[in-house]
Amino acid sequence: MSLVSADTETDRQSLRRARYAVAAVFCVHGAVTGNFATRVPWIQDHASVGAGQLGLALAFPAIGAAIAMPMAGAITHRFGARKAMRGLLALWTLALTLPALAPNVYTLCAVLFVYGCTAGMSDVAMNAIGVETESRLGRSIMSSLHGMWSVGLLIGSGVGTIAAHLDVDARAQFTVAAVVLTAIGLVVSRWVLNVEAAPDEHPPPHFALPPKSAWLIGAVGFCAVFAEGASLDWSAVYLEDELDTSAGLAAASTTAFALTMAVARLAGDAVVNRFGAVRTVRSGGVLATFGGLMVVFAPHPALAMAGFGCMGLGIAVVVPLAFAAAGHSGGPNTSQAIAGVATVTYTSGLIAPSAIGAVADATSLVVSFGLVTLLAFGLIAGANVLRSASRPVAETPKA
């Protein structure tokens, strides 16, 4: 019989608590997005903007995130991981109040840019802590952390849906949600791991292009996020326009896709721990490619919906594993590596909806999803670059 010292058991308990705390942080982050997304029609009416102006304004969160993400590494280096994440998460939750205050398209673009900046920097900070927690646990947890983000998204969406149904003013809803989520975030982040820079470690630049390793890892994430964005934004349109499906059933397919992604991410760590990141992503690429072919050649809505479901299952764990690979890549600064991958990956989410629309205008939505299928096949070819995500190394936690 082996005996475990009290100090070792305390360390294990502290690490488990840190793991649950960072999962709660991911959930809070997702809940902000869910609250916002459900009240976009209210924001559109309040700001008196048309569909085209709204589409322009909704590009600004992604632009702000892409610009601000590289700055997260310098902030984390200066203040330490825990303090940086607490502050950036609070800025993100409080930024939820801004979009509902915009009276016109110009201010809406400006506040959504700020909203995106806080979203991107807090995203990098929490993923860096997630990767560090995974390393010390010695097993994959990034997929379930992103699954908790999806859970938060669903919770926030549910709150927003109820508020919209009751005709609650979005300014009131966002204010209450921001206060509650900020309080929760400040409390739970007290127990996340704290990582501070070594005294002789050079600070990363405030802004820098992604390192070379990030481009390769980010390219794999790019393929997954492109397929995710295309499916979320265009699956309902595809079913209505190409397969003459009712609006209700088409909308249900989008919700089902989101739920599939959430469930797959929550269950994904067990698969990654059993088979490794490379085999998991390669198998997911096969499933996503098969799903894309089902969509492209579907003669019936049910087959297309099954195809979208297969794509959701296939791509669900790719982005979490891309962040993990960046964090375990051995670079000098984890936050900077993750920021680089996030910048490359999330750029895909910025261009996917418009790219699908442009291809569809020139040809058809069937051809557009042929492109999505081709990118899904890229996961099979590029899975090897995520090999480092399979190698978290357990360490003794640093309080």
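The values are calculated or read from the model by the stated rules, or taken from the named source; none is laboratory data. All values reported here derive from a predicted model rather than from experimental measurement. Ideal geometry is used to build each Cβ from the backbone, glycine not excepted, and the neighbour counts take in all protein chains shown. For the accessible areas, the whole protein counts, side chains as well, though only heavy atoms, and no ligand, DNA or RNA atoms are used. Shrake-Rupley method; radii C 1.70, N 1.55, O 1.52, S 1.80 Å.
Based on DSSP H segments of at least four residues, each scored -39500 (n - 2.57), the chain has a per-residue ellipticity at 222 nm of -26500 deg cm²/dmol.
Each distinct pair of alpha carbons in segment 117-183 adds a 1/r term; the inverse of their mean, the Kirkwood radius, is 14.0 Å.
Dipole check for the chain: with +1 at the C-beta of Lys and Arg, -1 at the C-beta of Asp and Glu, and the Cα centre as origin, the magnitude is about 1140 Debye. Sorting the segments 236-243, 129-136 by their residues' average number of neighbouring beta-carbon atoms within 10 angstrom, most packed first, yields 129-136, 236-243. Both radii were evaluated on the Cα set of segment 46-149; the Rg over Rh quotient, with Rh as the Kirkwood radius, amounts to 1.08. Calculated on the alpha-carbon coordinates, the convex hull of segment 285-379 measures out at 89 cubic angstrom per residue. Between the listed residues M294, G327, A262, the Cα displaced farthest toward the positive end of the dipole of the chain, a dipole computed from Cβ unit charges relative to the Cα centre, is found at G327.
Legend: calculated FRET efficiency, V237 to D169, from the Cβ-Cβ distance at R0 = 45 Å, rounded to 0.05, equals 0.90. Taken over the C-alpha atoms, segment 313-359 has Rg and Dmax values of 13.1, 40 angstrom. In terms of the mean number of neighbouring beta-carbon atoms within 10 Å, the peptides 300-306, 48-54, 110-116 order highest first as 110-116, 300-306, 48-54.
Membrane-span-like helices in the chain, defined here as complete DSSP H runs extending at least 27 Å along the helix axis by their C-alpha atoms with mean Kyte-Doolittle hydropathy no lower than -0.5, are 6-38, 105-137, 142-165, 212-243, 247-275, 277-297, 334-362; this is a sequence and geometry rule, not a statement about a membrane. Within the accessible surface of segment 17-91, defined with a 1.4 Å probe on protein heavy atoms only, the carbon and sulfur portion equals 64 percent.
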